[in-house]
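The values are calculated or read from the model by the stated rules, or taken from the named source; none is laboratory data. Computed from a predicted model, the values in this text were never measured in an experiment. Note that each Cβ is placed from the backbone with ideal geometry, even for glycine, and that neighbours are counted across all protein chains shown.
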């Protein structure tokens, strides 16, 4: 047990010659985590929850290619190259949409009536909100 010498004492306070803050004695030392370490840990947590970790997506073109594959699987259909380009420009990544409008597509406007080149119309779902098990969750590292 440590011995402390009292320097001053009253009914309201005591002054000791040595004091160690309670938090320093009883709490773990503060450790700083780099952004890269935080990202790795977050990806690992998501992977443990069933997310598929995609390491090869490092550009917008690769990401759009993956979105095409996932939407085709979800909607049980195939886009031709011209149809995909039109779908992206008209709806998915419309140049005039801002961040709020793009986010709203996932929440409110997640079904798009798309007219294919041969003329038939089909609902294209971004997500299946009725049968959520049909949706696929993926995670990537951030890219520029």
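Within region 126-140, residues that are farther than 15 Å from residue 110 by Cα sit with their Cβ atoms under 9 Å from residues that are exposed (fewer than 10 other Cβ atoms within 10 Å of the Cβ), at 6+ positions apart or across chains, in these pairs: 137/49; 137/50; 140/55; 140/56. Taking (1) part of a loop (DSSP other than H, G, I, E, B); (2) modelled with pLDDT of 95 or more; (3) under 19 Å from the mean Cα position of the chain (by Cα) in turn, residue 136 satisfies each apart from (2). Condition check: out of contact with any strand residue (DSSP E or B) (no Cβ under 7 Å at 6 or more places or on another chain) and without any contact (Cβ under 8 Å) to a residue 12 or more places away in the chain. Does residue 99 satisfy that? Taking the combined requirement at face value, the residue satisfies it. Checking residue 123 against (1) within 20 Å of residue 85 (Cβ to Cβ); (2) assigned to a loop (DSSP other than H, G, I, E, B): exactly one of these is not met. Which one? In the conditions (1) within 20 Å of residue 85 (Cβ to Cβ); (2) assigned to a loop (DSSP other than H, G, I, E, B), residue 123 misses (2) alone.
Against the numbered list (1) part of a loop (DSSP other than H, G, I, E, B); (2) touching a helix residue (DSSP H, G or I) at 6+ places or on another chain (Cβ under 8 Å); (3) within 30 Å of residue 46 (Cβ to Cβ), residue 74 comes up short only at (1).
Hey, does region 106-116 have a residue that's within 15 Å of the chain's Cα centre (by Cα) and in a helix (DSSP H, G or I)? Checking region 106-116: at least one residue is within 15 Å of the chain's Cα centre (by Cα) and in a helix (DSSP H, G or I). The residues on offer are 61, 17, and the sole one that is over 20 Å from residue 138 (Cβ atoms), out of contact with any helix residue (DSSP H, G or I) (no Cβ under 7 Å at 6 or more places or on another chain) and either exposed (fewer than 11 other Cβ atoms within 10 Å of the Cβ) or at pLDDT below 95 (or both) is 17. Please determine whether any residue of region 41-59 is within 27 Å of residue 122 (Cβ to Cβ), outside any loop (DSSP other than H, G, I, E, B) and touching a residue at least 24 places away in the same chain (Cβ under 8 Å). Checked region 41-59: at least one residue is within 27 Å of residue 122 (Cβ to Cβ), outside any loop (DSSP other than H, G, I, E, B) and touching a residue at least 24 places away in the same chain (Cβ under 8 Å). Checked across region 132-144, the condition of being out of contact with any helix residue (DSSP H, G or I) (no Cβ under 8 Å at 6 or more places or on another chain) and surrounded by 12 or more Cβ atoms within 10 Å (Cβ to Cβ) holds for no residue.
Number of residues in region 32-55 that are within 12 Å of residue 138 (Cα to Cα) and touching a helix residue (DSSP H, G or I) at 6+ places or on another chain (Cβ under 9 Å) equals 3.
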